[in-house]
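The values are calculated or read from the model by the stated rules, or taken from the named source; none is laboratory data. Because the structure is a prediction, the values reported are computed rather than measured. Methodologically, a virtual Cβ is constructed for each residue, glycine included, from the backbone with ideal geometry; neighbour enumeration extends over all protein chains shown. Side chains included, ligands, DNA and RNA excluded: accessible areas come from the protein's heavy atoms. Shrake-Rupley method; radii C 1.70, N 1.55, O 1.52, S 1.80 Å.
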Amino acid sequence: MEFINYLRNTKKTSDNTVISYQRDLKKFRAYLMEKKIKSLEEVTELDLENYLRYMEENNQASSTISRSVASIRALYQFLFNEGRIASNPALLLKPPKVEKKMPEILSVEEVDLLLQQPDQSTPKGIRDTAMLELLYATGMRVSELIHLHTGDVNLKFGYVTCHDNGKERVIPIGNASRSALARYMQEARGFFVKGQEEEALFTNCSGKEMSRQGFWKVLKGYADGAGIKKDITPHTLRHSFAVHMLQNGADVKSVQEMLGHSDISTTQIYLGVNMVKMREVYMKAHPRH
């Protein structure tokens, strides 16, 4: 599809976003075929409103519908700019309001328990400890973690350089993460890459860059082993990092910069989690609660 090529080659859109757009637009095309609408150019504003209603009636999550709206709007803006349609039927298409849910957070004790799970006597355990420690130390996204190169780590001065969609940010790391990374690079990484020229910092057992799914399996296995019942996702350590930093006195602006949020309102959702925790502490500790 020309639109997908445009996203990849001209807009330099991230792979994850392109995959999401493709998935959303495939479902949209299937709906149009079902309604006997033969081409994208025939679609009207009413057709698009009906599609949104169809998704709602089929119990699609608000976040899924919102993403579909973004995909459809981007597609029709492209068709309009290319002169394929005279007017843009998606111009006034509005997504449903998405309630920002409080993310699932691990307690400090649960994080400690999780980090105790890898077997330190094996290369895999040493690698997994380094990955988990680094995620929790920096709050970076899993996609950023798996795309790190060996040259992005500066153990001497204790920081990593994180790459996010063409932007770079430098994040400090503490002693626990620094030690785990040093041990991994000295003792375990060579076991995986076996002399191959591989830039990726973290690799799978074949010595190739770790995948998002590969990391997710690692995390889920250790969470199960630790007996953590919470609904853990690849972002759980990122969320936990943010809340624990705020609970320990970090200012929102610094946490925003470390997380790589372009808008501080995205970071402020963690303040809500922090307030819930503070209220719990208050109710337990204050003599006149």
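Only helical runs count toward this figure. For the chain, summing -39,500 (n - 2.57) over DSSP H runs of n ≥ 4 and dividing by all residues gives -17000 deg cm²/dmol at 222 nm.
Take the Kirkwood radius over Cα pairs of the stretch 170-209, plug it into Stokes-Einstein at 37 °C and 0.692 mPa s, and you get 300 µm²/s for translational diffusion. According to the calculation over all Cα-Cα pairs in the stretch 1-43, the P(r) per 10 Å bin from zero is 27, 45, 26, 2 %. May I ask you to list the residues of the stretch 150-194 whose amide nitrogen lies under 19 Å from a point 7 Å from Cα along the Cα→beta-carbon direction of Lys12? Backbone N within reach: 161-170.
Net charge dipole, the stretch 1-134: roughly 660 debye, given to the nearest 20, about the Cα centre with Cβ charges of +1 for Lys and Arg and -1 for Asp and Glu.
When both the stretch 45-72 and the stretch 221-242 are represented by their alpha-carbon centers, they are found 31 Å apart.
The charge dipole of the stretch 1-80, taken about the Cα centre with unit charges on the Cβ atoms of Lys, Arg (+1) and Asp, Glu (-1), comes to about 320 debye, rounded to the nearest 20.
When ligands, DNA and RNA are left out and all protein chains stay put, how many square angstrom of accessible area per residue does the chain have with a 1.4 Å probe? Don't jump to the answer; show the numbers that get you there.
Details: 16540 Å² over 289 residues.
About 57 Å² of surface per residue is accessible.
Helix 62-81 axis versus longest C-alpha principal axis of the chain: approximately 60°, rounded to the nearest ten.
Set the bar at 18 Å for Cα to Cα. Now go through Lys97/Lys229; Lys12/Lys167; Lys12/Lys217 and name every pair that lies beyond it. Violating the 18 Å limit, Cα to Cα: Lys97/Lys229; Lys12/Lys217.
Looking at this model, which pairs from Lys27/Lys194; Lys194/Lys220; Lys11/Lys156; Lys156/Lys253 are more than 32 angstrom apart at the alpha-carbon?
Working: Lys27/Lys194 43 Å; Lys194/Lys220 27 Å; Lys11/Lys156 37 Å; Lys156/Lys253 26 Å.
Long pairs (Cα-Cα over 32 Å): Lys27/Lys194; Lys11/Lys156.
Largest mean-square fluctuation among Phe191, Phe202, Phe157, in a Gaussian network model of the chain whose springs join Cα atoms under 10 Å apart, belongs to Phe157. Note on the chain: with a GNM built from Cα contacts shorter than 10 Å, the maximum mean-square fluctuation among Lys156, Lys229, Lys36 falls on Lys36.
Summarising the overall dimensions of the chain from its C-alpha atoms, the Rg and Dmax are 22.6, 70 angstrom.
By its C-alpha gyration tensor, with a ≥ b ≥ c as the square roots of the eigenvalues, how is the stretch 1-102 shaped: rounded for a/c under 1.5, else prolate for a/b larger than b/c, else oblate? Cα axes put the stretch 1-102 in the oblate bin. Comparing Ala188, Ala86, Ala242 in a Gaussian network model of the chain where C-alpha atoms under 10 Å apart are linked, the largest mean-square fluctuation is found at Ala86. By how many degrees, 0 to 90 and rounded to 10, does the Cα axis of helix 45-57 deviate from the longest principal axis of the chain? In the chain, helix 45-57 runs at an angle near 50 degrees to the longest axis.
Let me know the volume per residue of the alpha-carbon convex hull for the stretch 113-208, in Å³. The partial results should precede the final answer.
Working: hull volume 9.3 nm³, N = 96.
Hull volume normalised by residue count: 97 Å³.
Of the accessible area of the chain, with the probe set at 1.4 angstrom, what percent is carbon plus sulfur?
Numbers: 8460 of 16540 Å².
Carbon-and-sulfur percentage of accessible area, whole number: 51.
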